[in-house]
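We did not get these values from a lab; they are worked out from the coordinates using the rules stated. Quantities reported herein were computed from a predicted structural model and do not represent experimental measurements. Positions of Cβ are backbone-derived with ideal geometry, glycine not excepted, and every protein chain shown enters the neighbour counts.
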Amino acid sequence: MRVNEEVTAAQADGRAVVALESTILAHGLPPGRNRKVATAIEDAVRAAGAVPATIAVLDGQIRVGLTAAELDRVCAPDAELAKLSARDLGPAVALNRDGATTIASTSVIAYAARIPVFGTGGLGGVHLPPPGETKSWDVSADLEVLATTPVTVVCSGVKSVLDIGATIEVLETRSVPVIGYRTNSFPAFYRRESRYPVPWRVDTPTEAAAVVAAHRAQGPGSGVLLANPIPEASEMDRGLHDRLLAEGMAKVVADDVRGGDVTPVLLEHFHTASDGASLDANEALVLANVALAAEVAVALTQL
Ligand code: PSU
Ligand code: MN
């Protein structure tokens with residue numbers, strides 16, 4: 001693992017660092033736009049007083065904190081980076097591959113690099129059952145890793161393409177604290193609210209940091225999910241949202257899309273069929289989440 005100098009220096013001084021994933025760049029946003037968002041994300045972390053540590057695997061090396069040239073590589077249209085979940089890190093390293101890290105793999109690496117807070121877009125979760133079936137076995141490794149890795153993930157809940165109720169049940173079973181940030185509702189990514197409440201709510205970064213510290217004091221165990229709704233001005237229109245969702249789900253079924261390809265295919269449909277509206281929403285919520293992650297990371301250093 002290579003940790004860049006800026007991150008190493010910040011850690012030595014006790015300054016806040018925020019982990020950032022690369023799958024959202026390589027597989028969640030279109031080429032061109034992804035590179036601009038990569039810079040905007042890092043700028044938002046710095047503006048809130050922390051050091052950004054974007055994480056990827058390049059030439060078989062786990063890298064924590066990327067140079068501008070490395071971000072170019074991750075975002076290049078012809079990069080074809082593998083999507084690396086936690087289980088894929090060993091193979092990617094051993095076989096000298098390039099890959100983008102998901103929430104699961106980014107969390108594992110952040111913990112190894114002693115970075116306690118991670119800001120991103122939406123958590124993976126339990127998928128809806130395929131037509132004619134009552135249960136889906138497509139459950140994101142993000143949930144398992146969050147249950148076993150003491151990192152705080154700041155995100156806008158899970159996308160409505162997932163079974164939100166089932167996802168919340170798994171988080172409860174696996175003892176992951178779910179904390180709403182200035183909300184009583186579990187956020188649904190493009191929409192501020194779902195039908196489901198959050199068990200706990202905080203209203204300031206300091207409160208969030210206190211929860212994280214008290215949770216950690218109970219033993220190593222799980223991470224914490226801090227759920228931050230998309231900024232009001234960027235929330236997607238309900239009618240547009242529901243139409244895109246129905247179309248996207250139909251496409252996944254018709255094209256027999258499976259496994260790790262499901263999320264990118266759905267996102268791509270949202271982006272093209274909404275004429276960019278979903279991209280603006282996605283960017284707005286990620287920027288808000290990484291800024292909040294930085295504020296919480298700073299508050300943790302001040303406890
Ligand atoms: N949500 C988004 N954009 C993304 C992802 C989620 O809005 O790019 C990515 C994250 O990296 C997340 C991963 O960890 O999708 C989950 O993939 P899967 O469902 O295959 O576990
Ligand atoms: Mn999956």
**Request:** Would you mind telling me the antiparallel percentage of the DSSP bridges in region 2-302, rounded to 5?
**Result:** 30 percent
**Asked** Given H placed on each backbone N at 1.01 Å, which residues far from Thr54 in sequence or on other chains put an amide H within less than 5 Å of it?
**Response** Leu20, Gly65, Leu66
**Request:** Mind checking the full-extension length gain between Arg195 and Thr39? Use 0.36 nm per residue of separation minus the Cα-Cα distance, one decimal, nm.
**Result:** 52.8 nm
**Request:** Please compute the net charge surrounding Arg258, taking Lys and Arg as +1 and Asp and Glu as -1 over other residues with Cβ under 14 Å from its Cβ.
**Result:** -3
**Asked** Using a basic spin-label model with each label point 7 Å from the Cα along Cα→Cβ, how many nm lie between Ala112 and Arg174?
**Response** 1.9 nm
**Asked** Hey, if you drop one equal point scatterer on each alpha-carbon of region 20-64 and run the Debye formula without solvent, what base-10 log of I(q)/I(0) do you get at q = 0.22 Å⁻¹?
**Response** -0.79
**Fill in**
Taking every C-alpha to C-alpha distance in the chain and binning by 20 Å from 0, the per-bin percentages run 37, 60, 4
**Message:** Could you sort the peptides 16-25, 279-288, 167-176, 247-256 by per-residue average Cβ neighbour count (10 Å cutoff), highest mean leading?
**Reply:** 16-25, 279-288, 167-176, 247-256
**Item:** Protection proxy ranking of 109-117, 84-92, 4-12 - average other beta-carbon atoms within 10 Å, highest first
**Value:** 109-117, 84-92, 4-12
**Whole-number D in µm²/s for region 161-303 (Stokes-Einstein; Kirkwood sum over Cα pairs; 37 °C, 0.692 mPa s)** = 198 µm²/s
**Message:** With only alpha-carbon pairs counted, each pair once and no self-pairs, how large is the Kirkwood hydrodynamic radius of region 93-144 in angstroms?
**Reply:** 13.3 Å
**Message:** How much length would be gained if the chain were fully extended between Ala217 and Thr301, taking 0.36 nm per residue of separation minus their Cα-Cα distance, in nm to one decimal?
**Reply:** 28.7 nm
**Request:** Report the calculated FRET efficiency for Asn184 and Asp242 (r = Cβ-Cβ distance, R0 = 25 Å), to the nearest 0.05.
**Result:** 0.65
**Complete:** Rounded to a whole number, the Stokes-Einstein D of region 145-240 in µm²/s (Kirkwood radius over Cα pairs; 25 °C; 0.890 mPa s) is 180 µm²/s
**Item:** Inter-probe distance in nm under a simple model that places probes 7 Å from Cα toward Cβ, at Ala250 and Ala284
**Value:** 2.7 nm
**Prompt:** DSSP H helices in the chain with Cα extent of 15 Å or more along the helix axis and mean Kyte-Doolittle hydropathy at least -0.5?
**Reply:** 205-217, 238-254, 262-273, 277-302
